[in-house]
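Note sheet for the following structure.
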Amino acid sequence: RLRDSQGTYHWTEIHASPIPTAEQGINGVVATLRTVDDVVAYEQELQRRATLDDLTGALKREEVLRRLSQMVHYRRQPGIESAVVFCDVDNFKQINDTKGHAAGDEVLRTTAQRIRGAIRDSDLLARMGGDEFLVLLDGIHDLAEAEHLAHQIRQAVTPPIDVGETVAAVTISAGVTLRQPDEDPDAIIARADAGMYEAKAAGRNRVIAVG
């Protein structure tokens, strides 16, 4: 990146070649330079589309699974753990059916925004599909702390959401569990998912911790 005379930064591509002398030395360098802002912007947009969900801005399922897989190789200090919270919007089909799909999209966008506001900078939010979200909590100490953070997420989602000329009452059910050493992503997600279904069965709008 280079800054022009107006103080604006540009991405640039430079090709340079040495100018040889008769004595096999170098007499200088000839270089060509061109700005490639449009190329970089296009590449960044492709990267964004590959990793982020268009509707909510959360990570896509494939991206969070990739990051979970990488965590197998992390070297952890004693007492520093990671966990996942698997969330599902309660009665989302009813919202879609009674208020329309545009209202359902707004519920998903706002829910993702509220979850993002309730978690820490080191945590990750992903949309797993439909009305399901996964939060990856990193750098926590135990399951009790993860459960506490999951309750903060649940509470952050509950205020009514404006959807056009009406409002939608939204709650989530969630399962939370700690990642075990060398555990693959499917196993930890399945355990958190089971906790979420247990929360649904227990009456919704609650968090179930699974050890």
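The values are calculated or read from the model by the stated rules, or taken from the named source; none is laboratory data. Given the structure is predicted, the values throughout are model-derived calculations rather than measurements. Quick reminder, even Gly has a Cβ in these numbers, built from the backbone with ideal geometry, and neighbours come from all protein chains shown. Only protein heavy atoms, including side chains, enter the accessible area calculation; ligands, DNA and RNA are left aside. Shrake-Rupley method; radii C 1.70, N 1.55, O 1.52, S 1.80 Å.
Side notes on the structure shown:
- Within region 1-60, restricting attention to residues that are among the basic types (Lys, Arg) and under 30 Å from ARG109 (Cα atoms), the residue that is surrounded by the most Cβ atoms within 10 Å (Cβ to Cβ) is LYS60.
- Unique residue being modelled with pLDDT under 90, out of contact with any Gly (no Cβ under 8 Å at 6 or more places or on another chain), more than 30 Å from GLY195 (Cβ to Cβ) and of a type in the set (Val, Ile, Thr) when the list is VAL36, VAL29, VAL72: VAL36
- Residue satisfying all of: in region 163-182; more than 23 Å from the chain's Cα centre (by Cα) and without any contact (Cβ under 8 Å) to a residue 24 or more places away in the chain; least open to solvent (accessible area, probe 1.4 Å) among these: VAL167
- Yes/no for ASP142 being closer than 22 Å to GLU198 by Cα, modelled with pLDDT under 95 and out of contact with any Cys (no Cβ under 8 Å at 6 or more places or on another chain): yes
- Entirely in region 1-101, the helices (runs of 4 or more DSSP H) that have 1 or more residues that are closer than 30 Å to PRO160 by Cβ: 61-70, 92-99
- Close pairs (9 angstrom Cβ cut-off, 6 or more residues apart or separate chains): at positive phi in region 49-68, open to solvent by less than 40 Å² (accessible area, probe 1.4 Å) and of a type in the set (Phe, Trp, Tyr) anywhere: none
- Selection count, region 183-206, where residues are at pLDDT 95 or above, of a type in the set (Asp, Glu) and surrounded by fewer than 19 Cβ atoms within 10 Å (Cβ to Cβ): 1
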